[in-house]
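Okay, so here's the structure we're looking at.
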Amino acid sequence: MEESDKRGRKTRTTEAKDNGRGIPQGSPISPLLANVYMRRFVLAWKKLGLVRKLGSHIVTYADDLVILCKKGKAEEALLKLREIMGKLKLTVNEEKTRVCKVPEGEFDFLGYTFGRIYSARTGQANLGYRPSKKSIKRMVDKVHAMTAEATAWQDATALVAKLNRSLRGWANYFQVGTVNKAYRAIDVYTMARLSRWLRNKYKIRRRGYGDYPPSYIYETMGLVRLTRIGCDNSWAKA
């Protein structure tokens, strides 16, 4: 939604703001209130005996949750979820709420995709987790913005330092599960974008990597290489 300020400029607004309800997005009190309400939800779930009845286990983080339950009990669990949330005067986000049967299906939670994972070496399938496509896309979009042509005014060393901080931060979170494929994708994209950024900055019109091949990007400029974590991960646990 949009509204106009005193100068006639369009500004973003929200339904909660328009109705005089809720708290500002990003407010530090938001996760506190979420945990207070989620505690009441979990206590009610246990008090009603749903843990034993549905063979369920609840995993929560702020206002996000996953309910794991016995086969054939998912629809009942979803019904109970709506009932309890209604009594707490909370609204379930139906667009983000669904029943998922694993391992036939998969689901995203806290940036990871949980489901069937195939071994690149043996092809064998196992239950596991990996960085979600949305998480990878957000990182790719961030790298894209940081290496846009409009940023060519800044020092190359400063840009690499910024990229490294972002890459390290992303990898510090996504360092468990099956991460190699995601690491490779981000490495390839970041290296190509930085090489292109350097060519634009110094007006080099050669095709391909030109004077900035991967060896120069990684060894001379010191760009972090996520797929090297297994070989040199001194910063990964920092």
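Okay, residues lined up against (1) over 29 Å from Tyr112 (Cβ atoms); (2) at pLDDT 95 or above:
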| position | (1), (2) |
| --- | --- |
| Val140 | no, yes |
| Ala145 | no, yes |
| Ala148 | no, yes |
| Ser166 | no, yes |
| Thr178 | no, no |
| Lys181 | no, no |
| Asp187 | no, yes |
| Ser195 | yes, no |
| Arg205 | yes, no |
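What number goes with the only condition from (1) under 21 Å from the mean Cα position of the chain (by Cα); (2) hydroxyl-bearing (Ser, Thr, Tyr); (3) farther than 30 Å from Arg184 by Cα; (4) not in a helix (DSSP H, G or I) that Ser30 does not pass?
Of the numbered conditions (1) under 21 Å from the mean Cα position of the chain (by Cα); (2) hydroxyl-bearing (Ser, Thr, Tyr); (3) farther than 30 Å from Arg184 by Cα; (4) not in a helix (DSSP H, G or I), the odd one out for Ser30 is (4).
Within the stretch 120-130, does at least one residue satisfy the condition of being touching a Pro at 6+ places or on another chain (Cβ under 8 Å), in contact (Cβ under 8 Å) with a residue 12 or more places away in the chain and either aromatic (Phe, Trp, Tyr) or surrounded by 12 or more Cβ atoms within 10 Å (Cβ to Cβ) (or both)? Break it down stepwise before answering.
So the first thing to find is which residues in the stretch 120-130 are touching a Pro at 6+ places or on another chain (Cβ under 8 Å), and the list is 125, 127.
So of that shortlist, the ones also in contact (Cβ under 8 Å) with a residue 12 or more places away in the chain come out as 125, 127.
After this cut, where a residue has to be either aromatic (Phe, Trp, Tyr) or surrounded by 12 or more Cβ atoms within 10 Å (Cβ to Cβ) (or both) as well, the list is 125.
Within the stretch 120-130, one or more residues are touching a Pro at 6+ places or on another chain (Cβ under 8 Å), in contact (Cβ under 8 Å) with a residue 12 or more places away in the chain and either aromatic (Phe, Trp, Tyr) or surrounded by 12 or more Cβ atoms within 10 Å (Cβ to Cβ) (or both).
Based on this model, can you work out whether Ala238 counts as crowded, with 16+ Cβ neighbours inside 10 Å and either at pLDDT below 90 or within 30 Å of Gly115 (Cβ to Cβ) (or both)? So that I can check it myself, show each step before the final result.
Numbers: crowded, with 16+ Cβ neighbours inside 10 Å: no; either at pLDDT below 90 or within 30 Å of Gly115 (Cβ to Cβ) (or both): yes.
No.
Quick one: what pairs do we get from the stretch 15-35, first residue under 14 Å from Ala62 (Cα atoms), second modelled with pLDDT of 80 or more and open to solvent by less than 70 Å² (accessible area, probe 1.4 Å), C-beta under 7 Å, 6+ apart or different chains?
If the second residue must be modelled with pLDDT of 80 or more and open to solvent by less than 70 Å² (accessible area, probe 1.4 Å), the pairs left are Pro31/Ala62; Ala34/Ala62; Asn35/Ala62.
Of everything in the stretch 149-169, what is closer than 15 Å to Arg193 by Cβ and either buried (at least 17 other Cβ atoms within 10 Å of the Cβ) or in contact (Cβ under 8 Å) with a residue 12 or more places away in the chain (or both)? Give them in sequence order.
Here is the first cut: in the stretch 149-169, the residues closer than 15 Å to Arg193 by Cβ are 149-152, 154, 156, 159-160, 162-164, 166-167.
Correct list: Glu149, Thr151, Ala152, Ala156, Leu159, Val160, Lys162, Leu163, Asn164, Ser166, Leu167.
Return the residues of the stretch 193-203 that are buried (at least 21 other Cβ atoms within 10 Å of the Cβ) and either among the aromatic types (Phe, Trp, Tyr) or on the phi > 0 side of the Ramachandran plot (or both); say none if nothing qualifies.
Trp197
Of the residues Glu106, Glu83, which single one is in contact with a Ser or Thr (Cβ under 6 Å, 6 or more places away or on another chain) and open to solvent by less than 90 Å² (accessible area, probe 1.4 Å)? Before you say what the answer is, go through the steps one by one.
Values: Glu83 fails: in contact with a Ser or Thr (Cβ under 6 Å, 6 or more places away or on another chain).
Testing whether each residue is in contact with a Ser or Thr (Cβ under 6 Å, 6 or more places away or on another chain) and open to solvent by less than 90 Å² (accessible area, probe 1.4 Å) leaves just Glu106.
Filter the stretch 178-192 for residues that are polar (S, T, N, Q) and farther than 13 Å from His144 by Cα; which is surrounded by the most Cβ atoms within 10 Å (Cβ to Cβ)?
Here is the first cut: in the stretch 178-192, the ones polar (S, T, N, Q) are 178, 180, 190.
Then keep just the ones that are farther than 13 Å from His144 by Cα; that gives 178, 180.
Values: Thr178: 17, Asn180: 13.
Top of the filtered list is Thr178.
Of all residues in the stretch 41-74, how many are open to solvent by 100 Å² or more (accessible area, probe 1.4 Å) and either within 27 Å of the chain's Cα centre (by Cα) or of a type in the set (Gly, Ala, Ser) (or both)?
Qualifying residue count, the stretch 41-74: 3.
The values are calculated or read from the model by the stated rules, or taken from the named source; none is laboratory data. Just so we're clear, the structure is a prediction, and the values are computed from it rather than from any experiment. Please note: Cβ atoms are built from the backbone with ideal geometry, for glycine as well, and neighbour counts cover all protein chains shown. Ligands, DNA and RNA are excluded from the accessible area calculation, which covers all protein heavy atoms including side chains. Shrake-Rupley method; radii C 1.70, N 1.55, O 1.52, S 1.80 Å.
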